[in-house]
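This report refers to the structure that appears directly beneath it.
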Amino acid sequence: MAHSLPYILSLLFVGIAIIVLLTTKFKIPAFFALLAACLVVGLGIGLPPGDVVGVIKDGFGNIMKSLALIIVLGTTLGLLLEYTGSTTVMASALLDLLGKRYASWAMGITGFIVGLPIFCDSGFIVLSGLNKSMAKRTGIPLATMSVSLATGLYAVHCLIPPHPGSSAAAAALDVDFGRLILIGSLTAIPAMIVGNLWANYAGRKAADQVTEEYEIGKKAGPSLLKSCLPVFVPILLIAMRSFLNTGHHADSGWQTVFIALGDPVIALLIGVLLAINCKKGWSMAELSHILRDSAEKAGGILVIIGMGGAFGAVLTATKIGDHLSQSVALGSMGLFFPFLLTSVLKTAQGSSTVAIITASSLVLPLLPALGLTTANDKLLCALAMGAGSMMISHANDAYFWVIDKFAGLELKTMLRVYSVATILMGLTTFGVVYVLSKIV
């Protein structure tokens, strides 16, 4: 049964409204909100109930095939780095290198590096004690130090795999993971710098003071080299695979080996093994506990990502892309459309991950109409959605409250320093993406 474009768009808005309303007002988990949206949209276009369920299963299964192992191993790597103290070792080394005068920059860079394999909320919690201690020792306002750390973590969380949002976008749009990590890392640097500059400017006016002394942990940790290897070896292997796959090279034995090692799953598994090596004297009970926690945490992320893929499959079944390409001049919007769409979703419901997953589902059938058909176009589209997922982080974002709770900042300070920083980061990142679209 054929439906008009206004009818399909009304269904789309109803589906998005269901997601936003259930997750924000009624605090329903995103998995069930997305499932409800799938059922409403699928039944709304006239699919029989059995067919709707079939489309949901196919969409869920396809995204799991692409991302399940990557998310589980990425989560495991992050928890191991936290548990072994590797994150604190890297942070202390940067602070020693840059000195007290540039402590806020050291915290921003620490967040950037630690955030490569670790989720932003976990990274902030792990480093919050070190952050408060450095604020006390240097006299730099706590708001400046905290937002510098938070924005460093946030920049990579929104743009780079194996974080779930960017990973889901890469899988949905068929973007090469290695290229997304490379270009995404370079794109995240200006975002981190802008966030840090604003933190230094706006944080000076904050009234919040450090009221408790925090000391850097004295317990023995791994060496700096051991701490860094689990982060950088997987990135280098994935980048090398991307280079070898896109270049014109003879199919030699060593290249075949590096292409295999650079598979994101294999590379992350190597990172996990290197992270385990950061601690001596593991007991089986101790290691088993960490691995079990990793799998459980990853499971909660995966069900959301899987249902996001299912929502995308249902939207594809509506043939909304064909209707819009015939009725609306989307080609003139280009990369601005995925950026704007993700920004609206992020601001409305709070989660960067849900915003990117939902936006990628909506954008996928529209790529031809938007004129985004090449591999470079899809890569830049994923980055544009990452930029949109940065803004605006405010009171409906769980990460906002993690920063507030562990830094002890006032709400007005959070809104004026951190929330404004996320707006500047998103706009800066999209500006970088737009420039890249003109030169690549």
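Size descriptors for segment 334-398 (Cα atoms only): Rg and Dmax, in that order, 11.4, 38 Å. Pair-distance distribution of the chain: all C-alpha pairs, bin width 20 Å, starting at 0; shares per bin in whole percent are 26, 57, 17, 0.
Please check which bits of segment 11-46 a label hung off residue 319 would reach, taking the label as a point 7 Å along Cα-to-C-beta and the cut-off as backbone N under 17 Å. Residues passing the 17 Å test: 11-12, 42-46. So what's the angle, to the nearest 10 degrees on a 0 to 90 scale, between helix 142-159 and the longest Cα principal axis of the chain? Approximately 40 degrees, to the nearest ten. Counted over segment 355-440 with a bin width of 10 Å, the fraction of Cα pairs per bin, in whole percents, is 17, 38, 26, 15, 4.
Of all the options 72, 272, 303, the one that moves most in a Gaussian network model of the chain with Cα springs shorter than 10 angstrom is 303. Taking other C-beta atoms within 10 Å as the exposure proxy, 354, 41, 344, 194 rank 344, 194, 41, 354 from fewest upward. Residue exposure proxy: 8, 238, 305, ordered by other Cβ atoms within 10 angstrom of their Cβ from fewest to most, comes out as 8, 238, 305. At the listed q of 0.10 Å⁻¹, the Debye profile of segment 66-204, built from one uniform point per Cα, gives log10 I(q)/I(0) equal to -0.32. Each of 87, 316, 358, 187 was scored by other Cβ atoms within 10 Å of its Cβ. Arranged with the fewest first, they read 316, 187, 87, 358. Could you run the Debye sum over the Cα atoms of segment 278-420, one equal point scatterer each and no solvent, and tell me log10 of I(q)/I(0) at q = 0.14, 0.18, 0.19 Å⁻¹, two decimals? Cα-only, vacuum Debye calculation for segment 278-420: -0.80, -1.03, -1.08.
Can you tell me the length gained on complete extension of the stretch residue 285 to residue 260, counting 0.36 nm per residue apart and subtracting the Cα distance?
Extra length from residue 285 to residue 260 when fully extended: 5.8 nm.
Counting only alpha carbon atoms, the long axis of helix 398-407 and the longest principal axis of the chain meet at about 10°. State the Cα centre-to-centre distance between segment 147-171 and segment 339-390 in whole Å. Value for the Cα centre distance between the two parts: 14 Å. Quick one: if you stick a label point 7 Å off each Cα along the C-beta vector at residue 24 and residue 411, how many nm between them? Label at residue 24, label at residue 411, 1.6 nm between them.
What fraction of the Cα pairs in segment 136-182, stated in percent, has a spacing above 17 angstrom? Value for segment 136-182: 46 percent of Cα pairs lie more than 17 Å apart.
With a Förster radius of 25 Å applied to the beta-carbon distance between residue 7 and residue 344, the computed FRET efficiency rounds to 0.70.
With respect to the chain, whose longest principal axis is taken over its alpha-carbon atoms, helix 224-246 is tilted by about 30°. Placing unit charges on each Cβ (+1 for Lys and Arg, -1 for Asp and Glu) gives segment 1-119 a dipole about its Cα centre, and among 87, 19, 3 the Cα reaching farthest toward its positive end belongs to 87. Over all distinct Cα-Cα pairs of segment 2-79, the Kirkwood formula returns a hydrodynamic radius of 14.3 Å.
Every read-out reported here was derived from the displayed coordinates using simple, explicitly stated rules and does not represent laboratory data. Since this is a predicted model, take the numbers as computed values, not measurements. All Cβ positions, even for glycine, are placed from backbone atoms using ideal geometry, and neighbour counts span all protein chains on display.
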